[in-house]
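Working notes, structure below.
The values are calculated or read from the model by the stated rules, or taken from the named source; none is laboratory data. None of these values were measured; they are calculated from a predicted model. With ideal geometry, Cβ positions are generated from the backbone for all residues, glycine too; neighbour counts draw on all protein chains shown.
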Amino acid sequence: MDPKQINIDQIPKQFCEKMLVGSNNQFFVVMPLVGQNATAYAITPEHAKRLVKTLQEHVAKFEMNIRPIPDMGGAIPSPIQTSDLPPQEGNGPKK
């Protein structure tokens, strides 16, 4: 798949609220958390380094063209809050 042909506005996506990262002497593990769900991905050290470089380039481009991104430490609010979601059947207030 050619990454240049992917339209990121048209692909399905979920907001990742937190990213866990770990490593051992063979690979890195990245685990995006979406609500209570997580999927772990193992990547080689070379791919991890490429990922860091790509993210740095995209963040720099975003900040140059759109807006600065504040460093919020560990307190980064999710762009979608639970209160923004429509109630699901069976999860609403009890009557």
* To do: Please verify whether region 76-86 includes one or more residues that are out of contact with any helix residue (DSSP H, G or I) (no Cβ under 6 Å at 6 or more places or on another chain), modelled with pLDDT of 60 or more and more than 21 Å from Lys13 (Cβ to Cβ).
  => no
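So, restricting to strands (runs of 3 or more DSSP E) that lie completely within region 18-61, which ones have at least 2 residues that are within 22 Å of Met72 (Cβ to Cβ) and modelled with pLDDT under 95? Explain how you work it out, then say what you get.
On the way: elements: 18-23, 28-34, 41-43.
Hits in region 18-61: 18-23, 28-34.
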* List every residue pair whose Cβ atoms lie under 8 Å apart, where the two residues are 6 or more positions apart in sequence or sit on different chains, the first residue falls within region 30-48 and is under 18 Å from Lys18 (Cβ atoms), and the second residue, located anywhere, is outside any loop (DSSP other than H, G, I, E, B) and among the basic types (Lys, Arg). => Pro32/Lys18; Leu33/Lys18
* **Residue that is farthest from Pro12 (Cα to Cα), among those in region 22-41 that are surrounded by 14 or more Cβ atoms within 10 Å (Cβ to Cβ) and out of contact with any Asp or Glu (no Cβ under 9 Å at 6 or more places or on another chain)** => Phe27
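When region 20-68 is examined, which residues are found to be in contact with a strand residue (DSSP E or B) (Cβ under 6 Å, 6 or more places away or on another chain) and of a type in the set (Val, Ile, Thr)? Step through it out loud before you land on a result.
So in region 20-68, the residues in contact with a strand residue (DSSP E or B) (Cβ under 6 Å, 6 or more places away or on another chain) come out as 20-22, 27-33, 38, 40-43, 48.
Once the filter is applied, which keeps residues that are in contact with a strand residue (DSSP E or B) (Cβ under 6 Å, 6 or more places away or on another chain) and of a type in the set (Val, Ile, Thr), region 20-68 yields Val21, Val29, Val30, Ile43.
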